[in-house]
1. What is the Cα radius of gyration of segment 19-137 over 2.2 N^0.38 Å, N being its residue count?
2. Within the chain, which DSSP H helices have Cα atoms that stretch 15 Å or more along the helix axis and a mean Kyte-Doolittle hydropathy of at least -0.5?
3. If eta is 1.567 mPa s and T is 4 °C, what Stokes-Einstein diffusion coefficient results for the chain, Kirkwood Rh from Cα pairs, in µm²/s?
4. Quick check on segment 152-199: what are the equivalent-ellipsoid semi-axes from the Cα gyration tensor, as sqrt(5λ), descending, whole Å?
5. Through the Karplus equation 6.51 cos²θ - 1.76 cosθ + 1.60, θ set to phi - 60°, convert the phi angles of segment 188-194 into ³J(HN,Hα) values in whole Hz; use x for Gly and Pro.
6. What are the residues whose amide H is under 5 Å from the amide H of residue 125, where those residues sit 5 or more places off or on another chain and H is modelled from the backbone?
7. With all pairs of different alpha carbon atoms counted, what Kirkwood hydrodynamic radius in Å does segment 108-212 show?
8. So what is the orientation-averaged projected area of segment 2-67, using the convex hull of its C-alpha atoms, in nm²?
Amino acid sequence: MYFDTHAHYDDEAFDSDRDSVISGLPEKGVSLVLNASSSLESSRKSVELAGKYDFFYAAVGVHPHEASSLTRDSLGEIRALASNTKVRAIGEIGLDYYYDFSPREKQREAFVRQMELAGELKLPVIVHDRDAHEDSMAIVKTFPGVKGVFHCYSGSLEMAKELVKLGWYISFTGSVTFKNARKAPEVVTFMPEDRFMIETDCPYLAPVPFRGRRNDSGNLRFIAERIAELRGASLESIASLTTENGKRFFGI
Ligand code: NI
């Protein structure tokens, strides 16, 4: 059974068939889902969805794209939402210097505020880092009491080693199945057994052979297969160790 540690079922891509997709997941071998949020509105929806399904959990927080929308009031509402028992992390938070949808200064401020919140609530964080490795690492290191995961990992092997030393996790998406994934294989091979998870980031990032289509957690198998191949491990062992790692990380 698989644990999708990062999905976006609140996304409008699922508006027409959300309930049937989610309720069909156990049949596809998916035993757990963690829905990551991107805005205050998305955090509300994530918590609502988590209340509907036993196997569904949530993270609440504001994505770097939406960093400009984080105010004292919205942060207060995120703190309140985080008290729900199905909320197991703050995320996704971080920096995106590829799209720069919010000014970088705002992104850093929103990241810091939400790291503080995670520390206060003793919750792990889910970090989105795109083309912002140096600043992301610098902020993470100022919060030694907060642990987290770099999702859809795109950093170097050196950075992965540093994260492992800091007690952090890494998670891999369908991008490990792409032909142009250059750094991923060495990071996948290096990672200690107890420090990596898998995720679809659906509806985005569908793995090969479904690249470009709407993604869902039923496709986790293709990510696990590629990781098993790279590590010379069995598919069953990758499925079970990534599920165990996710359960430990999110306290499930
Ligand atoms: Ni995401």
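Values in this text are rule-based calculations from the coordinates and carry no lab data. The model shown is predicted, which means the values in this text are computed figures rather than measured ones. We place every Cβ from the backbone using ideal geometry, glycine too, and count neighbours over all the protein chains shown.
1. Working: Rg = 14.6 Å, N = 119, 2.2 N^0.38 = 13.5 Å.
Compared with the compact-globule rule of thumb, segment 19-137 sits at 1.08.
2. Working: long enough: 40-52 (19 Å, -0.65); 104-121 (25 Å, -1.04); 220-231 (17 Å, 0.21); 235-250 (22 Å, -0.18).
TM-like helix candidates: 220-231, 235-250.
3. Working: Rh = 17.8 Å.
Using the Kirkwood radius from Cα pairs, D works out to 73 µm²/s.
4. 17, 11, 8
5. 4, 6, 6, 4, x, 3, 9
6. Under 5 Å from the amide H of residue 125 lie the amide H atoms of 90, 147, 148, 149, each far enough along the sequence or on another chain.
7. Numbers: mean 1/r = 0.0694 Å⁻¹.
Radius from the Kirkwood sum: 14.4 Å.
8. Numbers: hull surface 16.8 nm².
Mean projected area of the Cα convex hull: 4.2 nm².
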